[in-house]
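Below you'll find the structure, written out as structure tokens, and then a few comments.
The values are calculated or read from the model by the stated rules, or taken from the named source; none is laboratory data. Everything numeric in this text was worked out from a predicted model, so none of it was measured. Note that we place each Cβ from the backbone using ideal geometry, even for glycine, and neighbour counts take in every protein chain shown. We work out accessible area using only protein heavy atoms, side chains counted, and drop any ligands, DNA or RNA first. Shrake-Rupley method; radii C 1.70, N 1.55, O 1.52, S 1.80 Å.
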Amino acid sequence: MNGSTDTSKYHLPAGTSCRGPYDLDVTPESAGWGHSGLKILTLGPGEAHALSTGDSEFLVLPLRGGCTVTVGGEVFELQGRSGVFDSATDFAYLPHTTEALLRSASGGTFALPSARTGGPAQPARYGPKENVPVELRGAGACSRQVNNYCLPGTFEAEQLLVCEVLTPGGNWSSYPPHKHDQARTDADGNPVESELEEIYYFEIAEGPDGRPGFGYQRVYGTEERPLDVLAEVRSGDTVLIPHGWHGPSIAAPGYDLYYLNVMAGPGQDRAWLICDDPAHGWVRGTWASQDVDDRLPFGEQR
């Protein structure tokens, strides 16, 4: 790998990628790729927003607060949550070529992850909070919580993959470093890796005095496709991962770390297949002798 850094290209600090009504607006065009997108929308009490999905499918995923989502003659009531560390949330799925109206009586902030797709549209529908699988992954200092909203086996979609990862302060997640940037099969023809672009959107818990926390995100490429990102991340920051190994995501001691993962790619089969960096994959084998961090799960999942 050469000595250059791509951090400024792929790390989007809070407020630097806002557009129109959106606090963050990452499109396939702005990211320089073909499929994944993410908007962050804040609504004041009583405010509404008209969303046209165009050629992409979307989730409406409350980060804080709730809203109604009106699609044709259907109204989905999203109860939402008080914050990302307090609980998982209910959500709504919107197919491509859909007009929707989002309205929040009390105000809130909403993630709108998306994936460009061209297949037959699935129906708009509601995703109950109680149907979201909450997984505790890893052990010891690699313990983290994963809320699996829209993945194969948890919620049907065309191409969109969405989950949240919550990491207690001082722990590492997205570790061992892994990648999913090429479609590969093993010697028997079984798929072992899928090609997916990925977006990380971060929120960091504040310290006891209300001062903002921070964390770190690492992304690095292969010899064939160099990439070099080491970003100090704060609430509202975003990191784009077009290819390469990503991880660790590091929560500084004292500051719990949250990130929303949005993934999509060109594959006909909607799959999330990763491979570990062979230099660090051995770390997984150490978890069997360690306990899961007793600070997990977060919030009402306890």
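Screening the candidates Arg137, Arg116 for the property of being modelled with pLDDT of 95 or more and closer than 26 Å to Phe58 by Cα yields one hit, Arg116.
Pairs are defined by a Cβ separation below 6 Å, a sequence spacing of at least 6 or placement on different chains, a first member in the range 226-237 that is within 14 Å of Tyr259 (Cα to Cα), and a second member that is open to solvent by 10 Å² or more (accessible area, probe 1.4 Å) and part of a loop (DSSP other than H, G, I, E, B); the pairs so defined are Glu232/Phe214; Arg234/Pro212; Arg234/Phe214; Gly236/Ala14; Asp237/Pro13; Asp237/Ala14. The set of residues from the range 281-302 being of a type in the set (S, T, N, Q) and in contact with a helix residue (DSSP H, G or I) (Cβ under 8 Å, 6 or more places away or on another chain) comprises Thr286, Gln290.
For Pro128, the conditions (1) exposed (fewer than 15 other Cβ atoms within 10 Å of the Cβ); (2) within 17 Å of Leu63 (Cβ to Cβ) all hold with the exception of (2). Once the range 177-233 is narrowed to residues that are in a loop (DSSP other than H, G, I, E, B) and of a type in the set (Asp, Glu), the residue that is least open to solvent (accessible area, probe 1.4 Å) is Asp186. For the range 273-290, the criterion of being free of Cβ contacts under 8 Å to residues at least 24 places away in the same chain and surrounded by 14 or more Cβ atoms within 10 Å (Cβ to Cβ) is met by no residue. Please verify whether the range 62-80 includes one or more residues that are in contact with a Cys (Cβ under 9 Å, 6 or more places away or on another chain) and open to solvent by 70 Å² or more (accessible area, probe 1.4 Å). Yes; the residues of the range 62-80 include at least one that is in contact with a Cys (Cβ under 9 Å, 6 or more places away or on another chain) and open to solvent by 70 Å² or more (accessible area, probe 1.4 Å). All conditions in (1) open to solvent by less than 40 Å² (accessible area, probe 1.4 Å); (2) within 30 Å of Leu41 (Cβ to Cβ) hold for Pro266, with the sole exception of (1).
What are the residues in the range 158-172 that are under 20 Å from Glu195 (Cα atoms) and open to solvent by less than 10 Å² (accessible area, probe 1.4 Å), if any? Outline the logic, then answer.
In the first step, residues of the range 158-172 are kept if they are under 20 Å from Glu195 (Cα atoms); the result is 158-164.
Residues satisfying the conditions are Leu160, Leu161, Val162, Cys163, Glu164.
Total residues in the range 1-48 satisfying the condition of being out of contact with any strand residue (DSSP E or B) (no Cβ under 7 Å at 6 or more places or on another chain), modelled with pLDDT under 95 and part of a helix (DSSP H, G or I): the figure is 2. A count restricted to the range 131-157 and to residues that are part of a helix (DSSP H, G or I) and open to solvent by 30 Å² or more (accessible area, probe 1.4 Å) stands at 2. Across the range 23-61, the number of residues qualifying as free of Cβ contacts under 8 Å to residues at least 60 places away in the same chain, open to solvent by 30 Å² or more (accessible area, probe 1.4 Å) and within 19 Å of Thr98 (Cβ to Cβ) comes to 4.
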